[in-house]
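Visitor: Would you mind keeping the following structure in view while I ask a few things?
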Amino acid sequence: MTTMQLNAEMLRNMSFIAEDEGLLKRAAKYLRKLVNEKINN
């Protein structure tokens with residue numbers, strides 16, 4: 001999958017959970033975890 005395809009998939013998936021605050025919080029928490037792993041490696 002290309003970067004553009006991955007970005008499009010991410011945005012599509014985010015649109016499904018955009019109205020659910022709980023799911024958005026979970027997604028944000030997981031993304032922070034991934035960023036921290038990237039920073040620390």
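Visitor: Just a yes or no: is a residue in segment 28-35 open to solvent by 100 Å² or more (accessible area, probe 1.4 Å) and either of a type in the set (A, V, I, L, M, F, W, C) or more than 14 Å from the chain's Cα centre (by Cα) (or both)?
Guide: The answer is no; no qualifying residue exists.
Visitor: OK, next. If I ask for residues that are open to solvent by 80 Å² or more (accessible area, probe 1.4 Å) and either in a loop (DSSP other than H, G, I, E, B) or modelled with pLDDT of 95 or more (or both), which ones from segment 14-24 would you list?
Guide: Within segment 14-24, E19, E21 qualify.
The values are calculated or read from the model by the stated rules, or taken from the named source; none is laboratory data. None of these values were measured; they are calculated from a predicted model. SASA here: full protein model, heavy atoms, side chains in, ligands and nucleic acids out. Shrake-Rupley method; radii C 1.70, N 1.55, O 1.52, S 1.80 Å.
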